[in-house]
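Asker: My questions all concern the structure below.
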Amino acid sequence: MIRLLSLACCLVAALPVLAAEIKTRDRRSGFDFMTPSSQDMQRDDMLNPGMLWVLEGEALWQQQAANAPSCAGCHGDAKDSMRGAAARYPAFNDRLNRPINLQQRINLCRSENQQQPAFEPESRPLLALSAFIGAQSRGLPIAPPEDARLAPHLENGRQFFKTPMGQLGLSCAQCHDDNWGGRLAGAPIPQAHPTGYPIYRLEWQTLGSLQRRLRNCLTGIRAEPFDWDAPEMVELELYLMKRAAGMNIETPAVRP
Amino acid sequence: MNLARLSFPKTAKKGEIIEIRTLISHVMETGYRPDATGKVVPRDIIRRFTCHYDGEEVFRADLWQAIAANPYLSFTTVATKSGELTFTWEGDNGFRHVESGTITVT
Amino acid sequence: MPMPGRTRWTRRETLAASAAGAVGLLLVRPSWGTPDALAAAIREFTGGATLQRGRVKLDLPPLVENGNSVSVTVRMDSPMTAEDHVRALALFTEQNPQPNVAIFHLSPRSGRAIVTTRMRLATSQKVIALAQHSDGSFWSDQVDVIVTLAACVEG
C-alpha cells in the first residue's frame, strides 16, 4: 500500500485524465498482460491451481445437505444447468428487489433451498462452488441480462468507477480506462475486466473473488472498502460485467 | 478438503518414458509469516512426496518452505508393466494424502 | 539464518523496506539468507565433494511477476542406465530465509532426469541447481532471476 501510494502520487501528477471508455475492439483481458509463464499456468489445467477449487466445488455440488437435496439434487448436471450462469451475474433478484452476484445466489440456495447457514464471504466452500459454477461458462461470452430494473444500479456502478476517491483522489477509470498498458511499480495496469473470477492470484497464493480483488484496488488508493456484498460493491461488479460484455469467461483464471 | 490432481498416460508401450504430473492443494505455510496480530504462523508444509510403481519407489522429493503453495511436480518414469501408481504426500502436523491410478503397459 | 518475522514472505516488511527509499521499477529488498547457510546446505547435499559447473541445466523465467510462484525445471542429459544415471537433482536459493528448496531422488527407473516444480523467491536472486551423478560427481548450474511485485496488494 505504501508502495502504491508513492507511485500513485506520481501517477496522478503526471498522467492526463481522459475519462474515455475503452472501445470494444481495444478491450483486452488481464490474461494478455501476463508473462507467458503465467499464461501457461492458466491455460493448462494441470498447472492451474484454480482447478483444485473447481474439483472441490464439484464434490460440494454432489454433497447431500442435512435433510435437503444436494445442489445436484435440484440442478442436475452442472454442465447443462449451470452453463452460462456465471456469465449473466449479477442479476436482478425479485424478492430482494436488487441485483445479486453469483456468490449471493449460491447462498440463497444454501439458506432457502437447503436450510443451511449461508457460507461466509470468501470462505473456501463458497469459492469452490463459485469456481465450479464459473468453470461451466468457460469460453462463453459475458452476457449481462437485459433487465430494465438493473439500469439504475448499473449507473451507480459506473459512477463508482469514475469518481475519484480515497486519500489519493484516484478513480478506477483513471488507471483502468485512461492508463491501461502503463506500469505501476513494474506491474502492468490491466483494463480491469472481471473475466476470470474467482481467480487464483499468485499474490494471495489462493483463490479469491472479484470483490476481494476490488478491495485490493480500493485499499491501494486508500479508499475505505465497503462491506462484503454491500450493494455498492455489487453495483460495481455489475458495471464491470457490462463493461466486459461479450468478452469470454476464463474462470478459474490465474493473475499475478 | 485436500484434493489432488494427477495426470499420466493410461496406456503406454513397455519401455516408454512417461511424464507424470501432480498438483495438490496445500497452503505450504512457511513458518516465517506473521498473522494479522503479529504472531508468526507455525510452519505447515509438505515435506516429502513419493511415487510408487507397483509397490516400488520410483521417485521421491524432499520439499522445503520454498516450494510454492499448492505444490506442482512433474517427473518421468519408465513404463515397465501394467500396474498401480501410488502417490503419497506427507508433511507437518501429520499430513498425509494418498492418490493412485493404474497404467496399462503393452 | 532466518529471523522470525523478517522474511520477504511478509508483505508488510517489504512495504516498509520499499518506503524507506527503494522505490523504483524493481524494488530492492533486503535479504535474509546468508552465504554460510547456503554453503552448509550445499555441503550437506554433496558431502563435501567438489562441484563442477555444467551438465545440469536450470530453467527459470528471467523475469517473474510474483515471487510466490515461479516455475522451475531442472534437468541433466543422461542415458539413465544402471552404470550412468543421475541420482539426485537439488535446488537452492541464495537469499530465501531457508536455502533449501527441494531434492529430487531419481534412479534408472526415471528414464530421464528432468523435474519441474514451482518455487518461492523472496527477492531477485540467484537460484542454484545441483546434480549428483551415479559416478560420484556433482554438477551445478545457476540462474539470476528478477522478481517484480504486484501493485495492488492487501493493506
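The values are calculated or read from the model by the stated rules, or taken from the named source; none is laboratory data. This one's a predicted model, so the numbers in the text were calculated from it and none came from an experiment. Ideal geometry is used to build each Cβ from the backbone, glycine not excepted, and the neighbour counts take in all protein chains shown. Side chains are part of the model used for accessible areas, which takes the heavy atoms of the whole protein and leaves out ligands, DNA and RNA. Shrake-Rupley method; radii C 1.70, N 1.55, O 1.52, S 1.80 Å.
Asker: Could you tell me whether the range A:224-242 includes any residue that is part of a helix (DSSP H, G or I) and modelled with pLDDT under 95?
Answerer: Of the range A:224-242, the ones part of a helix (DSSP H, G or I) are A:231-242.
Filter once more, so that each one left must be modelled with pLDDT under 95: none.
No, the range A:224-242 contains no residue that is part of a helix (DSSP H, G or I) and modelled with pLDDT under 95.
Asker: Which one of these does A:Cys109 not meet: (1) out of contact with any Cys (no Cβ under 8 Å at 6 or more places or on another chain); (2) in a helix (DSSP H, G or I); (3) open to solvent by less than 70 Å² (accessible area, probe 1.4 Å)?
Answerer: Only one criterion in (1) out of contact with any Cys (no Cβ under 8 Å at 6 or more places or on another chain); (2) in a helix (DSSP H, G or I); (3) open to solvent by less than 70 Å² (accessible area, probe 1.4 Å) is unmet by A:Cys109, namely (1).
Asker: Can you tell me which residue in the range A:113-139 is farthest from the chain's Cα centre (by Cα), limited to those that are surrounded by fewer than 16 Cβ atoms within 10 Å (Cβ to Cβ) and either among the polar types (S, T, N, Q) or at pLDDT below 95 (or both)?
Answerer: Going residue by residue through the range A:113-139, those that are surrounded by fewer than 16 Cβ atoms within 10 Å (Cβ to Cβ) are A:113, A:115-117, A:120, A:123, A:139.
Then drop every residue that is not either among the polar types (S, T, N, Q) or at pLDDT below 95 (or both), which leaves A:113, A:115-116, A:123.
Details: A:Asn113: 25, A:Gln115: 27, A:Gln116: 25, A:Ser123: 15 Å.
By that ranking, first place goes to A:Gln115.
Asker: A further question on this structure: Quick check on this structure: which one of A:Met41, A:Met46 is in contact with a strand residue (DSSP E or B) (Cβ under 6 Å, 6 or more places away or on another chain) and not in a helix (DSSP H, G or I)? Step through it out loud before you land on a result.
Answerer: Numbers: A:Met41 fails: not in a helix (DSSP H, G or I).
From the options A:Met41, A:Met46, the qualifying one is A:Met46.
Asker: Ok, one more. Any idea which residue in the range C:103-133 is surrounded by the fewest Cβ atoms within 10 Å (Cβ to Cβ), counting only those that are in a strand (DSSP E or B), more than 7 Å from chain B (Cβ to nearest Cβ) and more than 12 Å from the chain's Cα centre (by Cα)?
Answerer: First, pick out the residues of the range C:103-133 that are in a strand (DSSP E or B): C:103-105, C:113-119, C:125-133.
Retained after the next criterion (residues that are more than 7 Å from chain B (Cβ to nearest Cβ)): C:113, C:125-133.
Now drop any that are not more than 12 Å from the chain's Cα centre (by Cα), which leaves C:113, C:131-133.
Values: C:Ala113: 26, C:Ala131: 28, C:Gln132: 23, C:His133: 19.
Looking at the filtered set, the residue picked out is C:His133.
Residue-wise test of (1) closer than 26 Å to A:Gln205 by Cβ; (2) away from every other protein chain (no Cβ under 14 Å); (3) at pLDDT below 95; (4) surrounded by 14 or more Cβ atoms within 10 Å (Cβ to Cβ).
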{"site": "A:Asp45", "(1), (2), (3), (4)": "yes, no, no, yes"}
{"site": "A:Glu56", "(1), (2), (3), (4)": "yes, no, no, yes"}
{"site": "A:Pro69", "(1), (2), (3), (4)": "no, yes, no, no"}
{"site": "A:Gly76", "(1), (2), (3), (4)": "no, yes, no, no"}
{"site": "A:Ser81", "(1), (2), (3), (4)": "no, yes, no, yes"}
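Asker: Further question: For the range C:84-102, give me each residue that is polar (S, T, N, Q) and part of a loop (DSSP other than H, G, I, E, B).
Answerer: C:Gln95, C:Asn96, C:Gln98
Asker: Only one of these is of a type in the set (A, V, I, L, M) and within 11 Å of chain C (Cβ to nearest Cβ): A:Ala135, A:Ala151, A:Ala131, A:Ala187. Name it. Steps first, please.
Answerer: Working: A:Ala135 fails: within 11 Å of chain C (Cβ to nearest Cβ); A:Ala151 fails: within 11 Å of chain C (Cβ to nearest Cβ); A:Ala131 fails: within 11 Å of chain C (Cβ to nearest Cβ).
Exactly one residue qualifies, and that residue is A:Ala187.
Asker: Based on this model, can you work out whether B:Ser25 counts as open to solvent by less than 60 Å² (accessible area, probe 1.4 Å), under 23 Å from A:Arg201 (Cα atoms), in contact with a Leu (Cβ under 6 Å, 6 or more places away or on another chain) and of a type in the set (Gly, Ala, Ser)?
Answerer: When the stated conditions are applied, B:Ser25 passes them.
Asker: In the range B:56-84, which residue that is in contact (Cβ under 8 Å) with a residue 24 or more places away in the chain, surrounded by fewer than 20 Cβ atoms within 10 Å (Cβ to Cβ) and within 13 Å of chain C (Cβ to nearest Cβ) is farthest from B:Lys14 (Cα to Cα)?
Answerer: B:Ser74
Asker: Being within 9 Å of chain C (Cβ to nearest Cβ) and modelled with pLDDT under 95 narrows it down to one residue among B:Tyr32, B:Tyr53; which is it? Before the answer, list the steps.
Answerer: On the way: B:Tyr53 fails: modelled with pLDDT under 95.
After applying the criteria, what remains is B:Tyr32.
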